[in-house]
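As structure tokens, the structure follows; a few thoughts come after it.
The values are calculated or read from the model by the stated rules, or taken from the named source; none is laboratory data. Nothing here was measured: the structure is a model prediction, and the numbers come from that model. Cβ coordinates were reconstructed from backbone atoms using ideal geometry, including for glycine residues, and neighbour counts include every protein chain displayed. The protein model used for the area step is the full one, side chains on, heavy atoms only, and it has no ligands, DNA or RNA in it. Shrake-Rupley method; radii C 1.70, N 1.55, O 1.52, S 1.80 Å.
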Amino acid sequence: MKQTIVRRVGELPTFGFGPQSGPWWGAMSFMALEGMGFAIAIGAYLYLYAVNPTWPIGASPPDLWPGTAETIIFLLSIIPNQYANRAAHQQDRHKVRVWLVVMSLIGIVLLILRGFEFAHLNTRWDNSAYGSVVWLILGLHTTHLATDLGDTIVLAVLMFTSHARPRRFSDVTDNVFYWNFVVIAWLPLYVLLDWVPRL
Amino acid sequence: MSMAAEQRDVRDDALHGLQLAARLESIWRTPPGLTGALMSVDHKVIGRRYIVTAFTFLVLGGLLAILMRIQLSGAENRLLSPDLYNQVFTMHGSTMMFLFAVPVMEAFAVYLVPLMVGTRNIAFPRLNAFSYWMFLFGGCFLWISFLFNVGPDVGWFAYTPLSSLQFNPSKRADVWAQMITFTEVAALAVAVEIIVTVFKQRAPGMTLDRIPLFVWSMLVTAFLVMFAMPSIMVASTTLILDRLVSTRFYDPSSGGNVLLWQHLFWFFGHPEVYIIFIPATGMVSMILATFARRPVIGYPVIVLSLIATGFLSFGLWVHHMFVTGLPHLAAGLFTASSMLIAVPSGLQIFCWIATLWDGRPVYRTPLLFVLGFIVIFVIGGLSGVMVASVPIDTQVHDTYFVVAHFHYVLIGGAVFPLVGAVYYWFPKICGRMLSERLGRWNFWLAFFGFNIAFFPMHILGLMGMPRRVYTYTLEMGWERLNLLSSVGAVMFALSFAVLLANAIYSLRKGTPANDNPWDASTLEWATASPPPPQNFDRIPIVTHREPLWADGDTLPVVAGLSAERREVLLTSLAEAEPQIREASPEPSIWPLLTAIATTIFFIGSIFTPWAVLWGTPPMAITLIGWFWPTGSKEDEE
Ligand code: HEM
Ligand SMILES: [Cu+2]
């Protein structure tokens, strides 16, 4: 087939932020399907809650402090996360390094707290269906927390190497975006795990 | 990047004709040799592998079907023991659903969608490679287990408590659950790729109302996958946790509930049928337009029907559970919505018939299969509306009536269009036409074979023959119809042998195909058959819904993309305005290594929960290897 050039795109940039870029939509899609995973797990919890005459089954509700402490840290972490976002948009390599290190440390603290939360659930996964679903949901969220922490650490290390090129800043903003998802997903889970058994 | 570097950077407007083609080809091709093949991230290479693998599983699943039909052809046959029969029908159902029907549709999408939207590779090509390996390993895992007599034997929906440890102490149900995890990971990955490819990589000017209907259908399907598959992932995970670390999800003595399984399964399982069916309707629309020699009538109606079907399919899962004793009102609602979903499908059928009516149909093999589809699907739809009503469902539940119904829907609704699609796109993929004469044999054998095999099952069902029985006694009076059904099944199987023979013959001796042998209208026909590694030397610009019919014989194109590194053009979501020249990943061995690490993790965890601990670091390492920049041009912009 003959071709006629009717348009030139040579001046377009080679990377972009947000909905302009492909990876952003990738992150968005993964959040949608993982969000669906959380929704299904919540559905399973509520189903078991509805069909059982007593809830929690054979256990006292989880201790409140680890989950509450996490919730506070999660919410506060949005602030440094936004700073990382801004630094990435400004392509300020130095600041991006600082904020990624801060975010990595926050992630590690949360992961340690998560360990305590498992220990203070006051039930084992094999005690009852209640224990099973609680462990499932907390485990699911912990996987997300750990993966995002891993991603943050890798990006932080990258920023200290010669690979810290402009298009990596777009990756940083996607990581920021994903962290916000991990935070937002936690809020209903916190209510579900720590407060619903106290109803 | 400095100005000097900018100027050294060669763009495609500096080159022309063969020079440009050769240059792009050297940038985009898959490296030679075995390692090169294992590293490939070309959507066409992976798409082809996906298609061939899925068809291999169709043959395997089909052989099991023939075994079952031989067993059932007469009363009290002893070919298969009851235990083996359980494994065989479970393997047949699981293979067909998880290793053939869903993957084959995604496979065609992986191959065709980037070509149809006019881009050079699928979004996230490495994820695409990973997806293929996961699918392959998951399928092999299931079949190797079966050969070692640990094939699942709990039916393709593995109801608890039958699949719980108490009633299934061997590894069989674990194999089933883990096979699910493999294939769902693969399917979800492809869904994400399709969504991003369609959203961001459409050729400039391909606005939402110019997207080819097959691409629309795959977009809707990708969303269905995205929202349905997490449910089965949760289901298979909880089942395997129950079996391996004694969680209590399905253990009634500790607050668990077996119906939870059915909800989780069918929340996925009903959309699953549409995940198979919707892409097939997309194929039908494409084939019809080409062979009716006119654009499909009612494009907006078809797009809206696809979307409506997608939404409605999530409201239907409970109709698989009518006999579990639901509240009356709920049963009524689900009956109504089950009937409602017939509306968008009906609208699509009207649009197709109108297109044929108004066109000048050319009855080549692809069109024959589409016509066969319409006939069979209408019958399947009728029996579907019947089983959607609670009283009838209660009567025929778990009989051969249901077996007949879902084969009409699955084979009529998906396999017929699929074989039509093979005839239609074979010249594009392989560069040669399939034989038309064998094609006609193929079609008529399939059409009669299919109906002879499955129509009698309706009657058998009404006569009370239950599904999943390994044999029956002579007094039941089911022998003649079963024999007839088995004869039909063999005919139907032969039609696939004809297809295979046709493919092998035509690959070597078929008429060579030019770029657009059917004089079709969409962009995949604007490039060579088979397409070069870069798909298009220059990215087309779309000004019309049927670009190749509208533009005469010159194609408007874009220039200015790199001729030094892999680059794709990203465009805006609705208007498809060019936005970014984005780097596209180079070939890499890491997706394969990651898939191997994941396979070790998944299979290891069947045998010991500790696999979760020692299986994680290799996965993390391979993932870092995958994403770590290599210092090549694509990464360093
Ligand atoms: C040669 C073509 C085929 C034949 C002769 C055939 C035959 C059968 C028979 C006899 C059964 C019932 C087994 C029983 O209940 O005892 C069955 C079950 C089933 N078939 Fe097919 N089939 C064919 C193709 C397909 C295809 C293409 C699909 C899907 C795309 C499919 C999906 C299923 C499923 C999901 C089941 C249910 C398995 C279960 O009960 O767990 N079949 N098939
Ligand atoms: Cu259904």
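Listed by position, the helices (runs of 4 or more DSSP H) inside region B:258-351 whose residues that are among the polar types (S, T, N, Q) number at least 3 are B:258-292, B:328-340. Condition first: away from ligand 1 (no atom under 16 Å from the Cβ) and either modelled with pLDDT under 95 or hydrophobic (A, V, I, L, M, F, W, C) (or both). Can you find one or more residues in region B:102-109 that meet it? Checking region B:102-109: at least one residue is away from ligand 1 (no atom under 16 Å from the Cβ) and either modelled with pLDDT under 95 or hydrophobic (A, V, I, L, M, F, W, C) (or both). No other residue among B:469, B:490, B:498 is more than 16 Å from ligand 2 (Cβ to nearest atom), assigned to a loop (DSSP other than H, G, I, E, B) and either more than 14 Å from chain A (Cβ to nearest Cβ) or in contact with a Pro (Cβ under 6 Å, 6 or more places away or on another chain) (or both) apart from B:469.
Residue B:300 passes every criterion in (1) at pLDDT 95 or above; (2) crowded, with 18+ Cβ neighbours inside 10 Å; (3) more than 30 Å from residue B:603 (Cα to Cα) apart from (2). Applying a threshold of 7 Å to beta carbon distances and a minimum spacing of six or more residues, or different chains, the list of pairs starting in region B:311-339 at a residue that is within 17 Å of residue B:392 (Cβ to Cβ) and more than 16 Å from ligand 1 (Cβ to nearest atom) and ending at one that is outside any helix (DSSP H, G or I) and open to solvent by 40 Å² or more (accessible area, probe 1.4 Å) reads B:318/B:326. Applying the criterion of at least 1 residues that are facing chain A (nearest Cβ under 8 Å), more than 25 Å from residue B:35 (Cβ to Cβ) and at pLDDT below 95 to the strands (runs of 3 or more DSSP E) found wholly in region B:527-637 leaves B:554-559, B:578-583. For region B:258-291, filtered to residues that are open to solvent by 30 Å² or more (accessible area, probe 1.4 Å) and more than 16 Å from ligand 2 (Cβ to nearest atom), the residue that is nearest to residue B:365 (Cα to Cα) is B:259. Considering (1) of a type in the set (Ser, Thr, Tyr); (2) over 31 Å from the mean Cα position of the chain (by Cα); (3) modelled with pLDDT of 95 or more, the lone condition that residue B:253 does not fulfil carries the number (3).
Apart from one condition, residue A:127 fits all of (1) over 27 Å from residue A:176 (Cα atoms); (2) touching a residue at least 60 places away in the same chain (Cβ under 8 Å); (3) part of a helix (DSSP H, G or I); the exception is (3). Residues of region B:45-66 that are crowded, with 18+ Cβ neighbours inside 10 Å, within 14 Å of ligand 1 (Cβ to nearest atom) and more than 15 Å from the chain's Cα centre (by Cα): B:60, B:61, B:62, B:64, B:65.
In contact with a Lys or Arg (Cβ under 8 Å, 6 or more places away or on another chain) and surrounded by fewer than 20 Cβ atoms within 10 Å (Cβ to Cβ) - does that describe any residue in region B:442-452? Checked region B:442-452: no residue is in contact with a Lys or Arg (Cβ under 8 Å, 6 or more places away or on another chain) and surrounded by fewer than 20 Cβ atoms within 10 Å (Cβ to Cβ). Evaluating residue B:526 against the criteria (1) open to solvent by less than 10 Å² (accessible area, probe 1.4 Å); (2) farther than 30 Å from residue B:450 by Cβ; (3) under 28 Å from the mean Cα position of the chain (by Cα) leaves one unmet condition, (1). With respect to the conditions (1) polar (S, T, N, Q); (2) within 16 Å of ligand 1 (Cβ to nearest atom); (3) under 23 Å from the mean Cα position of the chain (by Cα), residue B:262 falls short on a single one, namely (3).
Within region A:44-87, the set of residues being within 14 Å of another protein chain (Cβ to nearest Cβ) and part of a loop (DSSP other than H, G, I, E, B) comprises A:52, A:53, A:54, A:55, A:56, A:57, A:58, A:59.
Applying the condition of being open to solvent by less than 20 Å² (accessible area, probe 1.4 Å) and outside any helix (DSSP H, G or I) to region B:165-201 and asking which residue is nearest to the other protein chains (Cβ to nearest Cβ) yields B:201. Restricting the search to region A:151-199, which residues are open to solvent by less than 30 Å² (accessible area, probe 1.4 Å), within 17 Å of the chain's Cα centre (by Cα) and either within 11 Å of another protein chain (Cβ to nearest Cβ) or free of Cβ contacts under 8 Å to residues at least 12 places away in the same chain (or both)? Answer for region A:151-199, where residues must be open to solvent by less than 30 Å² (accessible area, probe 1.4 Å), within 17 Å of the chain's Cα centre (by Cα) and either within 11 Å of another protein chain (Cβ to nearest Cβ) or free of Cβ contacts under 8 Å to residues at least 12 places away in the same chain (or both): just A:155. The sole residue among B:332, B:315 that is away from ligand 2 (no atom under 15 Å from the Cβ) and closer than 18 Å to residue B:384 by Cα is B:332.
The set of residues in region B:434-490 that are within 25 Å of residue B:78 (Cα to Cα) and free of Cβ contacts under 8 Å to residues at least 12 places away in the same chain comprises B:469, B:475, B:480. Selection of region B:202-248 for residues being within 12 Å of another protein chain (Cβ to nearest Cβ), more than 23 Å from residue B:127 (Cβ to Cβ) and not in a helix (DSSP H, G or I) yields B:204, B:205, B:246, B:247, B:248.
Residue B:417 - would you say it is within 19 Å of residue B:370 (Cα to Cα) and either within 14 Å of chain A (Cβ to nearest Cβ) or away from ligand 1 (no atom under 14 Å from the Cβ) (or both)? In short, no. A single entry from B:385, B:415, B:390, B:409 fulfils the requirement of being closer than 19 Å to residue B:217 by Cα and surrounded by fewer than 23 Cβ atoms within 10 Å (Cβ to Cβ): B:409. Among the candidates B:97, B:105, B:134, B:91, the residue that is under 30 Å from residue B:208 (Cα atoms) and open to solvent by less than 30 Å² (accessible area, probe 1.4 Å) is uniquely B:105. Looking at region B:325-339, can you tell me whether even one residue there is open to solvent by 50 Å² or more (accessible area, probe 1.4 Å) and of a type in the set (Val, Ile, Thr)? So far as region B:325-339 goes, no, none of its residues is open to solvent by 50 Å² or more (accessible area, probe 1.4 Å) and of a type in the set (Val, Ile, Thr).
Residues in region B:97-114 that are more than 16 Å from ligand 2 (Cβ to nearest atom), aliphatic (A, V, I, L, M) and within 12 Å of the chain's Cα centre (by Cα): 6 in all. Take residue B:467 and decide whether it is charged (D, E, K, R) and either within 11 Å of ligand 1 (Cβ to nearest atom) or closer than 27 Å to residue B:423 by Cβ (or both). The answer is yes for residue B:467.
Against the list (1) in a loop (DSSP other than H, G, I, E, B); (2) closer than 17 Å to residue B:192 by Cα; (3) of a type in the set (A, V, I, L, M), the condition residue B:105 fails is (1).
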